[in-house]
1. Only residues of segment 67-98 count here: report those whose backbone N is under 15 Å from the spot 7 Å along Cα→Cβ of residue 4, or say none.
2. Within the chain, what's the longest run with no chymotrypsin sites (Phe, Trp or Tyr not before Pro) in a DSSP loop and at most 14 other beta-carbon atoms within 10 Å? Give the range, please.
3. In segment 50-85, which trypsin sites (Lys or Arg not before Pro) fall in coil by DSSP and have 13 or fewer other Cβ atoms within 10 Å?
4. So if each residue of separation counts as 0.36 nm, and I subtract the Cα-Cα distance between residue 50 and residue 97, what length gain in nm does that give?
5. Using alpha-carbon pairs under 8 Å, 6+ residues apart, how would you state the relative contact order of the chain in percent?
6. If you build the convex hull over the alpha carbons only and average its shadow over all orientations, what do you get for segment 8-60? Give it in nm² to one decimal.
7. Compute the normalised compactness of segment 45-98: alpha-carbon radius of gyration over 2.2 N^0.38 Å, N being the residue count.
8. Please determine, in degrees from 0 to 90 and to the nearest 10, the orientation of helix 27-41 with respect to the longest principal axis defined by the Cα atoms of the chain, where the helix direction is its Cα long axis.
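Bear in mind that the values in this text are calculations on the coordinates, not laboratory data. Quick caveat: nothing in here was measured; it's all calculated off a predicted structure. Note that we place each Cβ from the backbone using ideal geometry, even for glycine, and neighbour counts take in every protein chain shown.
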Amino acid sequence: MSNLKEIKRAIQYHRQQLGFERGRDSIRLARYYELAIDALEKLIPKKPTVIISEKDTMVGRAKFCKGTKLYDCQCGSFIGYLDAYCRRCGQKIDWEAE
Ligand SMILES: [Zn+2]
């Protein structure tokens, strides 16, 4: 598994290539670089948003009572506590305490 530094360098490389392909008006290749950048950015862990449910909430088949702490991904999907990745969009989740 690549480390964070390598991932960030790869993103930087792909952004340069993206600019290059856009400059050449190569829409298809630019789109491939955009897809690669999106996929690589999901490997950089992001903190979930903490939500205190204001009412009883169903997540799949699980019921969370009012006042329960829920975790939301940037894509808007709920995340199970300590899930390594969002099940909807694949974003890696950062559970490190601040
Ligand atoms: Zn997500």
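1. 92-98
2. It works out to 1-80.
3. Values: sites: 55, 61, 63, 66, 69; in loops: 55, 61, 66.
Loop-located and lightly packed - 55, 61, 66.
4. Details: separation 47, 0.36 × 47 = 16.92 nm, distance 1.25 nm.
Taking residue 50 through residue 97 to full extension adds about 15.7 nm, to one decimal.
5. 22 percent
6. On the way: hull surface 23.7 nm².
For segment 8-60, the mean projected area of the Cα convex hull comes to 5.9 nm².
7. 1.10
8. That works out to roughly 40 degrees.
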